[in-house]
Structure formats: C-alpha cells, structure tokens
Amino acid sequence: MSARQPIPLPLGPVADAQRRRLMLAGLATVGLAGCGGGDGGNPTATSPVAASPVSNSGTATAAGMSAAPPSSGVTVPLASTWPTLPLLQNTGASLGSFSASLIAAPATASFVPGIATPILAYNGGTPGPVIEAYEGDAVRIAFSNLLGQDTTVHWHGLPIPADQDGNPMDPVATGTTRNYSYTLPASSAGTYWYHPHPHGTTHEQVYKGLAGVFIVRSRTDPLAALPERIVLITDLRLDASGQIAPDTATDLANGREGDQVLVNGAHQPVDTIAPGRTERWRVFDATNGRYLRLVLDGAPMVVVAVDGSMLAAPKTVSELLLAPGQRAELVVRAPTTSGQKLVLRTLAYNRGSMVPTSPPVKLFEVTVGSGAALAPVPLPAKLPAPAPLPANLPVTQTLVLSDMGMGSGGGMGGGGMGAGSTGRFTINGKVFDPARDDITMKAGLAEEWLVRNAGMMDHPLHIHGTAFQLVASTRAGSTTDPRLNAFMDVVNLTPGEQIRLRLRIDTPGRRMFHCHILEHEAQGMMGVINVTA
Ligand code: C2O
Ligand code: CU
C-alpha cells in the first residue's frame, strides 16, 4: 500500500483564501453584465493555438499553480489543442429514433508519447463517444461487451425504465451483446453521462477509462443558439511504466483521486475563442473520488443547470462544487480583448479530516483571439426548471450514511464484491445486497426523505432514474443552503450534514441509490429502491 504523499503546494490555504476574496470582490463589480443585452453571438469556429511547449514536469504557470506531478509516475504532457470528443453516430433511419452500437473492450491509449497504456474503452477511446439525442427519441443501443468480464451500461440520471438502466443486477456477460432500448421522456433534456455499473467492479472499469457524455436535447431549448463546449473531467494515475496504477488501500478508503486531472482526456488543453463570444459549457465530474471546486478566471460563472435539470433562473456564482458524478451547465462570455484568458481551475477542497486535501488544479485555458467583439447574448430571466414537488409531504425515509464501520452487518461478506465488502461503508448500517429491497415506494407518488451523513468524510448520494429536489440542508446549525430548491441526481453531504429532499420516480422497477465515490459504492454503500406500480 502506498498512501499518496501530500503534495507541497506553492500556495497554501491562506493565499487561497486571499485569491477567493479577490475573486469575490471582482464579481461584485462585474455581476451579470457579461450576459445581458445585445443579440445572438455568432458561433465562430475555434482553431488550435500554436503548440505550447510540451513539458514532462507538468508545471503550469497561469494563476501561479503547479500541476502537481506525481512523484514516481509518468506525467501526461500538456495538450496544445482543444480535444473534441467523437460523436456516436446515429444510424437510426427516421426522425425520432436514435440507434447506434457501442462496444466496450480493452484498448491502448497514448497519454504519453511512446508509451502504450492499456485502458478499457468504449468504441476504442477514452472518454467514450458523445451521445446526442432528442427528447422523445426512441433510443436503441446495441451494446457489446468484449471486456473479458461482466459489465453494464448505466445511463446516469436518465429517467428511463429500471430494466434498461444498467443496474448491477442486470449484468451483460463478456462476449455477449444486449440492446438497451428506451424512449427519452418529455422534459428530460439535459446533461447526463454513461458509465459501467457492474457488481463490485464499477470503480475499476471507470478509472480504466469507461465513461462518456450523453446529451438530451430539447426542440424548445431556450439556450439552443449558444455554441457548446464539453468539459468532461476525469483523473488518471500512471505508474512509472505508464500503466494505470491500481487502487491503493488509501483509494479504497477515500475514493481514488488520480494525480493528473484531464479534460476530454487531455492534460490542461488550450483553445482560442472569438472576443466576446458566449458559450454554454457542459462540465462533468466523471472521476471516482475527486471533488471539483470550480472557479473561473476571466469572466463571471453563470450556472444554468445542475445535473440533468435547469435552474429556475441563471445564477452567477463565485465558485461551484461538483462532487463525483455531478454535472453543471455554465454560460460563459469570453473577454473582449485579444490575449485575455478564461481559465477554469479548482480550489483546494477538504472533504474530511482523515482525507488529504485535494490540491488546486488548472483544468484548461482559452485565449481570446483578435477581431471585433461579439455582442453579449441575453439570457432568459427564467429557465424551464422542473415543476416543484408538493410541499408538506410526510417524511417516509431516513437514510444515514456511515463510513466508520458501524454497520450492523446485514449483508456483510456477501456478494463477492471486487473491492471487498469491509462493512465500513454503509447506508442505515447495511452494505449492499442485490437481493434485498431497502426501500419501497409507489411509482408516480412524491415522497420526502431525510438523509444524514454520520461519517467522517463527504459522501455524494446518487439516486437512479429521477432528479430530486433539495429542499433543506442543515450544516453545523445553519439551515441555509445555496443549493436550495434545485433539482439534481447527486447531492453531496459534508460530515454531519442533514438534508431533506423530495423525489418521485415515475416508472416501476428496482432502482439503485448509492454513494458516487465509486470505491465506496463497490464496498457496499448502496441500496435498492423497489418502485411498485
Ligand atoms: Cu453514476 Cu449508480 O451511478
Ligand atoms: Cu462515499
């Protein structure tokens, strides 16, 4: 076991706090000005900037941050272009259908020139191809598993039938093909992703490369005119020979954080952007265990959607925390002067006293090109958020998340899980048992749940097949929460935090709920909701 060494940082927490204050001060004067008035921006093709020097030290100078090269492993050179992910080709013959084939198989990637790194890939690459479909589409994906081990494809966040959702109870055996088929319901437009969900080995299959973007579009999207940028964040840890390093005991305890944070599979990519261009960024935390406390240099960060749901109105924030599994949509207007930069980066985040603080990292940089500035794009004052669920529902469930081995032992030792069920990571004292229904609820009926984190570290709770409404949060005595009333499919709970959420699942079947730190999920921090007709 090799616990990750704390990485010496050029900037400590004090400097970090100072930067934050500066940022906040800047925001106060900038406000929403970057997004008001004017007519539609003219989407302009961006072109790669001149190659930046390839560096094996991984040192980035912007914002004075170090890219924190691992002490013993191989470092991925910095990218000199913007990596655009391939689209999954729709072979559907008619409008209203999306048909495609997807293959999971071992492959090799060259993160580092001259080194072939074995990975697991969807259609040969990591990240996998981008799926883009429309609300109402009949989706049919012929999935072939050539991994040499069981897998599934889980369509994270999509409100689709339980038997098509790639649950661990529905493995696709190696050497076989299964068709996933479902219709994307009305009002399901949003930002989703897909990843494996096999029993006990999800964490390994994901950190070895299996993850992809799934965008559901609406024909009445109020932001449809904005050019888009996908920002799929993963992290990678290579050993000295350039192979993906296996999980350590520390990873199993805390959730794996790779030491190189990648955007669309590339290390700190760069791009150019037309002056004043307004873009819609779809940002994904597709890591196993890394929290992304996002800040944006160069423009206000305007959030329009969290996970698969729009907010009721655009909201300007100084920072935005994405936990593993979470997504957000941002609207960003480029500065108007040639040479100015947008830099998306993270601040240090501490997710529990026993967990080493994640160092700040630079994610990517976009530099403003020359020419006349494009006019700001006015954002609608209201966005099509889901309708609020009924208030004053009785509390029907209380979930207690624990990471301290206080489980009562139900299901312990069963299941043959890849990471081993230690009994340490539990929900209501139990580790996952695929045969047990932990919760039953009625399809189409809204409920209110209490969820409490009784553990020592943050846990992001994910519920399959729906977006839930966060209605209250109590942290250290305070009941105010900036996330109030948003809909999401993953919610982070800090140690001691208690939340209330409202949810409704519309179709019957057995659904998963679990911690989206995938090492915790693998050790049993998961349960089954049996939704009855
Ligand atoms: Cu993103 Cu149950 O998963
Ligand atoms: Cu967890």
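The values are calculated or read from the model by the stated rules, or taken from the named source; none is laboratory data. Computed from a predicted model, the values in this text were never measured in an experiment. Using ideal geometry, Cβ is built from the backbone for each residue, glycine included, and neighbour counts are taken over all protein chains shown. Accessible surface is based on the protein model in full, side chains and every heavy atom, while ligands, DNA and RNA are left aside. Shrake-Rupley method; radii C 1.70, N 1.55, O 1.52, S 1.80 Å.
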Q.
Let me understand segment 125-190 better: what is its radius of gyration from the alpha carbons, and its Dmax, in angstrom?
A. 12.5, 38
Q | Hits among aspartates and glutamates - C-alpha to C-alpha of residue 430 under 15 Å, sequence gap 8 or more where chains match | A | 403, 438, 521
Q: For residue 442, list the aspartates and glutamates whose Cα falls under 15 Å from its own Cα; do not include residues on the same chain fewer than 8 positions away.
A: 506
**Q.** Magnitude of the charge dipole, segment 258-377, Cβ model with Lys/Arg +1 and Asp/Glu -1, debye to 20
**A.** 100 debye
Q: Please report the relative contact order for segment 84-243, taking Cα pairs under 8 Å with a sequence separation of at least 6, and give it as a percent rounded to a whole number.
A: 24 percent
Q | Candidate residues 84, 278: accessible-area rank, largest first, probe 1.4 Å | A | 84, 278
Q: Run the accessible area of segment 71-117 with a 1.4 Å probe and give the carbon-and-sulfur part as a rounded percent.
A: 57 percent
Q | Set of lysines near residue 382 by C-alpha distance (under 30 Å), chain-local residues within fewer than 8 positions excluded | A | 315, 341
Q. What ranking, highest mean first, results for peptides 376-384, 88-96 when packing means the other Cβ atoms within 10 Å averaged over each residue?
A. 376-384, 88-96
